[in-house]
Amino acid sequence: MLQYDFEQSLGYWVCSTAHALRKSLDAKLAQEGITFRQWVVLAMVALHGEQQQGQLAERMGIEPPTLAGILERMERDGLLERYPCCDDRRRKWIRTTEKAEELWERSVECAREVRTQASQGISEEELAQFKSLCSKIRGNLHSTVDPTAAVICADV
């Protein structure tokens with residue numbers, strides 16, 4: 001039988017909490033007609049600006065072919081445009097459209113609602129301590145983790 005002391009596992013607590021945040025946000029975003037992954041694309045553009053498709057896949061922590069499917073649907077829905085790189089036409093740059101900006105405003109409100117729900121009963125002091133602890137953990141892992149990697153639940 002497989003055994004592990006999950007009660008003492010920092011990774012278990014972090015990942016299970018992130019999973020709960022993601023599921024809640026995904027449900028809210030579905031009401032706006034956008035998937036969580038599409039929202040992460042918009043979040044990465046909001047955070048880093050226009051970027052190459054390969055950079056975006058790296059930041060999101062997904063394979064380029066997986067990202068290509070997400071981007072195709074977003075392009076089809078008028079949320080973004082892909083255009084070739086001037087020095088390498090095989091590379092594509094990503095930029096959002098006006099329609100995406102309107103959707104982004106609504107989706108950020110979804111994230112704020114999830115954040116409010118998730119932080120019920122937690123004091124400002126506890127939230128500050130939580131942020132500090134997360135920062136320390138990322139710092140401890142800095143040599144193995146890209147700090148510009150995907151913001152899983154960006155504004156939650």
### Query
Which of the listed residues, THR35, GLN120, MET1, is farthest toward the dipole's positive end in the chain, when Lys, Arg count +1 and Asp, Glu count -1 at the beta-carbon?
MET1
### Query
Once whole DSSP H runs in the chain are found, which of them have Cα atoms spread over 15 Å or more along the helix axis and a mean Kyte-Doolittle score of at least -0.5?
10-30, 36-48, 64-76
### Task
Would you calculate the separation in nanometres between label points at GLU7 and ASP88, each defined as 7 Å from the Cα along the Cα-to-beta-carbon direction?
5.1
## Note on the structure
So for R0 = 22 Å, FRET eff. of ALA27-GLU105 from the Cβ-Cβ r, to 0.05, ends up at 0.70
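If I take R0 = 25 Å and measure r between the Cβ atoms of GLU125 and SER16 in this structure, what FRET efficiency does the formula 1/(1 + (r/R0)^6) give, to the nearest 0.05?
On the way: r = 24 Å, r/R0 = 0.95.
Efficiency for this residue pair is about 0.60.
For the full complex of protein chains and a 1.4 angstrom probe, list HIS142, HIS48 by accessible area with the highest value first. Walk me through the intermediate numbers first.
Numbers: HIS142 110, HIS48 60 Å².
The ordering from most to least exposed comes out as HIS142, HIS48.
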### Separation of alpha-carbon centers, region 1-32 and region 48-68, rounded to whole Å
23
## Note on the structure
Once all protein chains are kept in place, ASP77 shows an accessible area at probe 1.4 Å, nearest 10 Å², of 60
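If you roll a 1.4 Å probe over the chain with all protein chains in place, what percent of the accessible area is carbon or sulfur? Before the final figure, lay out the partial values.
On the way: 5480 of 10600 Å².
Carbon with sulfur: 52 percent of the solvent-accessible area.
If the only charges are +1 at each Lys and Arg Cβ and -1 at each Asp and Glu Cβ, what is the size of the charge dipole of the chain around the Cα centre, to the nearest 20 debye?
Numbers: 20 positive and 24 negative charges, 74 e Å.
Using Cβ point charges on Lys, Arg, Asp and Glu, the chain gives about 360 debye.
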### Solvent-accessible area per residue, Å², over the chain with all protein chains present [probe radius 1.4 Å]
68
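The values are calculated or read from the model by the stated rules, or taken from the named source; none is laboratory data. What you see is a predicted model; the values in this text were computed from it and never measured. In this analysis, Cβ positions are derived from the backbone assuming ideal geometry, glycine residues included, and neighbour counts consider all displayed protein chains. Accessible surface is based on the protein model in full, side chains and every heavy atom, while ligands, DNA and RNA are left aside. Shrake-Rupley method; radii C 1.70, N 1.55, O 1.52, S 1.80 Å.
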